[in-house]
Amino acid sequence: MTSTLHSFASAADLAGSLADKVADTLSAAIAARGTASIAVSGGSTPKAFFQALSTRDIAWEKVTITLVDERFVPADNPRSNHLLVDANLLQNKAKAARFVPLYQPAPSVEEAARLATAKSAEIGIPFDIVILGMGGDGHTASFFPGGSNLAKALDASTQRGIITMEAEGAGEPRLTFTFSSLEDAALLVLHIEGEGKKDVLAKAEGSGEEAEMPIRAILRRATSPVEIYWAP
Ligand SMILES: O=C(O)[C@H](O)[C@@H](O)[C@H](O)[C@H](O)COP(=O)(O)O
């Protein structure tokens, strides 16, 4: 599928522009269906965007927010993406939104994935918005090179839902939506910042296996166009 690069002079400019685009898209979905859904990524990049989005004046009570992926840690753990979203996005006007976590207190990460899949099943299919990040190794979501479930995660025929992932670069065991859950979002965004990530993107856009740089699955096979938001 095609991708479009949106470059900005600064991270602040990108955050404001992406927040406007997401707010408009959520409002349009609410106008059309009465509800809207968005799955966001964790990591360090999205913080300013979350803070900008949290101030937008939309019908947040009709919005469901969830995560693209999560570390298998409770929400009070500093590594938690839930904690990051709670502190930066579920603030201000966006406090009224419904949040569906991926982490579930379960005896195993596999059981947590089963529970999370059941709890996320009622979120609109497809997502109205998915915001992806990308690591320096070309991972996105928790699709890590060498990941324990990478083939299953990237297989378009894998059922929508949340699966587990373990990989050297991932830290804790992960919970991640599958490629099939994310790739047909009405608005599919890849949000990256810095010259280094631009170089990683250029390599990912070149030839090579998806397993080597899993972001390639999104760039090459997503049903939806990929809107790449980048700032230095
Ligand atoms: O749980 C996570 O860490 C994210 O979902 C992950 O996929 C992230 O988007 C990339 O690792 C980029 O992270 P940075 O924004 O910190 O570079």
Original post:
Of these, 90, 5, 18, which one is open to solvent by less than 70 Å² (accessible area, probe 1.4 Å), more than 16 Å from the ligand (Cβ to nearest atom) and more than 21 Å from residue 117 (Cα to Cα)?
Top reply: 90
Original post:
Residues of region 181-213 being crowded, with 19+ Cβ neighbours inside 10 Å and either within 14 Å of the chain's Cα centre (by Cα) or of a type in the set (Gly, Ala, Ser) (or both), which ones?
Top reply: 181, 182, 183, 185, 187, 188, 189, 190, 191, 192, 204
Original post:
Can you tell me which of 124, 138, 169, 146 is at pLDDT below 95 and in a loop (DSSP other than H, G, I, E, B)?
Top reply: 124
Original post:
If you take the residues of region 43-57 that are of a type in the set (D, E, K, R) and away from the ligand (no atom under 16 Å from the Cβ), which of them is surrounded by the most Cβ atoms within 10 Å (Cβ to Cβ)?
Top reply: 56
**OP:** Looking only at region 29-38, count how many residues are free of Cβ contacts under 8 Å to residues at least 24 places away in the same chain and under 17 Å from residue 184 (Cβ atoms).
**Re:** 1
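Just to check your reading of the model, which residue among 102, 83 is within 14 Å of the ligand (Cβ to nearest atom), more than 24 Å from residue 225 (Cβ to Cβ) and either among the polar types (S, T, N, Q) or open to solvent by 20 Å² or more (accessible area, probe 1.4 Å) (or both)? If you could, list the steps in order and put the result at the bottom.
Details: 102 fails: either among the polar types (S, T, N, Q) or open to solvent by 20 Å² or more (accessible area, probe 1.4 Å) (or both).
Just one listed residue meets the conditions, 83.
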Subject >> Complete set of residues in region 145-176 that are more than 11 Å from residue 71 (Cβ to Cβ) and among the hydroxyl-bearing types (Ser, Thr, Tyr) >> reply: 148, 157, 158, 164
**OP:** Being modelled with pLDDT of 95 or more, in a loop (DSSP other than H, G, I, E, B) and under 17 Å from residue 175 (Cβ atoms) narrows it down to one of 90, 102, so name that one.
**Re:** 102
Subject >> Matching residues in region 1-40 - criterion: being of a type in the set (Val, Ile, Thr) and under 20 Å from residue 100 (Cβ atoms) >> reply: 22, 25, 30, 35, 38, 40
Original post:
Which numbered condition trips up residue 218, out of (1) under 16 Å from residue 139 (Cα atoms); (2) away from the ligand (no atom under 13 Å from the Cβ)?
Top reply: (2)
Original post:
For residues in region 113-135 being in contact (Cβ under 8 Å) with a residue 60 or more places away in the chain and touching an Asp or Glu at 6+ places or on another chain (Cβ under 9 Å), which is surrounded by the most Cβ atoms within 10 Å (Cβ to Cβ)?
Top reply: 130
**OP:** Could you please tell me which pairs satisfy a Cβ distance under 7 Å, a separation of 6+ or placement on different chains, a first residue in region 196-209 that is under 13 Å from residue 136 (Cβ atoms), and a second residue that is of a type in the set (D, E, K, R) and not in a loop (DSSP other than H, G, I, E, B)?
**Re:** 204/216
**OP:** Considering each residue of region 218-232, count those that are not aromatic (Phe, Trp, Tyr) and not in a loop (DSSP other than H, G, I, E, B), and give that number.
**Re:** 8
Original post:
Can you tell me which residues in region 170-186 are among the acidic types (Asp, Glu) and within 14 Å of the ligand (Cβ to nearest atom)?
Top reply: 172
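Just the residues that are buried (at least 21 other Cβ atoms within 10 Å of the Cβ) and touching a residue at least 60 places away in the same chain (Cβ under 8 Å), please, taken from region 154-163.
Listed by number, the residues that qualify are 154, 162.
The values are calculated or read from the model by the stated rules, or taken from the named source; none is laboratory data. Note that the structure is a prediction, hence the values are computed from the model and not measured. Cβ coordinates were reconstructed from backbone atoms using ideal geometry, including for glycine residues, and neighbour counts include every protein chain displayed. Just so you know, the surface numbers come from the protein's heavy atoms only, side chains and all, with ligands and any DNA or RNA stripped out. Shrake-Rupley method; radii C 1.70, N 1.55, O 1.52, S 1.80 Å.
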